[in-house]
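Here the structure comes first, spelled out in structure tokens, and everything after it is commentary.
The values are calculated or read from the model by the stated rules, or taken from the named source; none is laboratory data. Model, not experiment: these values are computed from the prediction. So basically every Cβ, Gly included, is an ideal-geometry build from the backbone, and we count neighbours across all protein chains shown.
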Amino acid sequence: MDSSIASSAVLVDLNISVWTARKLDKSVSKEIDIDKNTTTKAGNYNKHLLAGASELENITKLSTEIRDWHTRQTLPWSDTGTRLLPMTNFFDYKDQLSEYEDLFQERVDSFLSNYPNIITVMAYRLGKLFNRNDYPDVDVIKQRFSLKYTIMPVPEAGDFRISVEQDMKSKLEDEYQKAYDERVNNAMSDAWSRVHKTVEHIVDRLSGNDKKIFRDSLVNNALDLTNLLTKLNVTKDAKLENVRVQLEKSLMGVDPADLRQHADLRADVVNKVNSIMENI
């Protein structure tokens, strides 16, 4: 086992809950079955109780943003969603997550304070579909929103505190070692995959002689990745570090506006990035 992983990273579980504000309307579902002459229960009609309510949409969008950020800042570890957080990224992660917690709570509080008014608006928007009984009290709705996380140490294979015969204990340790190594390999494969996708995207967008249309984020996101990889390289993979440095050098100081205007500059970047591809 690479024992350095246990001392250089932790495990983190992030769980975000947001009220979907959807409810099955059995009577409407039945009406549709009759109107369309379908068999019984051919389909269901789910009402969006807060259709178009920006207050709820803002919370939903934020939760998606937080999940995406969490995924970028960590590496995969288990099928349950637990992810590996390198200690080199621990404090930055905690600081940003704290800001997200405050923003999440701020938006939830804003939604809850406007909840009665939103229901009044929904009575107009939903027309005959509106049913006041579909809307729980604000105290109940409050429980539908949460942002929680748990940070745990990475367990080591030798830490089996159970009373079993030595041969069984050795077997358990071997099985855990195999699973552990597989998880570490999967984590690093994820890091390599990010590089591969980024490099492929750059080559795809910049190849050819025509004037290119692309966002500034093509360069900025790649440079952000090179910075993040200094924290995600938990196994100290020298090859990954070499690729990271090459990618950073290839794009550092490159102005996206110049890339759009000058074919020779695009060709130069593509050649440099293609040489990186050969090492992936």
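A few remarks follow.
- Segment 112-152, subset assigned to a helix (DSSP H, G or I) and among the small types (Gly, Ala, Ser), residue farthest from the chain's Cα centre (by Cα): Gly127
- Any chance Val269 is of a type outside the set (Asp, Glu) and either modelled with pLDDT of 95 or more or not in a loop (DSSP other than H, G, I, E, B) (or both): yes
- All told, Asp33 falls short of being in contact with a Phe, Trp or Tyr (Cβ under 7 Å, 6 or more places away or on another chain), modelled with pLDDT under 95 and charged (D, E, K, R).
- Evaluation of Asn227 against the conditions (1) loosely packed, with under 13 Cβ neighbours inside 10 Å; (2) part of a loop (DSSP other than H, G, I, E, B); (3) within 23 Å of the chain's Cα centre (by Cα) shows that the sole unmet condition is (2).
- Evaluation of Val12 against (1) in a helix (DSSP H, G or I); (2) of a type in the set (A, V, I, L, M, F, W, C); (3) under 24 Å from the mean Cα position of the chain (by Cα) (one fails), failing number: (1)
- Of the residues contained in segment 239-253, one or more are found to be within 13 Å of Leu206 (Cα to Cα) and not β-branched (Val, Ile, Thr).
- Residue match in segment 82-92 (condition: free of Cβ contacts under 8 Å to residues at least 24 places away in the same chain and part of a helix (DSSP H, G or I)): yes
- Candidate set: segment 230-280, residues that are surrounded by 12 or more Cβ atoms within 10 Å (Cβ to Cβ) and among the small types (Gly, Ala, Ser); chosen: the one farthest from Thr88 (Cα to Cα): Ala263
- Verdict on Asp109 being modelled with pLDDT of 95 or more and either over 30 Å from Ser7 (Cα atoms) or outside any strand (DSSP E or B) (or both): yes
- Boolean, Ser110 is within 30 Å of Gly127 (Cβ to Cβ) and touching a strand residue (DSSP E or B) at 6+ places or on another chain (Cβ under 9 Å): no
- Residue list for segment 223-266, filter: among the polar types (S, T, N, Q) and in contact with an Asp or Glu (Cβ under 7 Å, 6 or more places away or on another chain): Thr226, Asn233, Thr235
- Scope segment 49-96; condition within 30 Å of Asn233 (Cβ to Cβ) and among the hydroxyl-bearing types (Ser, Thr, Tyr); matching residues: Ser63, Thr64, Thr71, Thr74, Ser78, Thr80, Thr82, Thr88, Tyr93
- Selection status of Ser170, among the small types (Gly, Ala, Ser), part of a helix (DSSP H, G or I) and modelled with pLDDT under 80: yes
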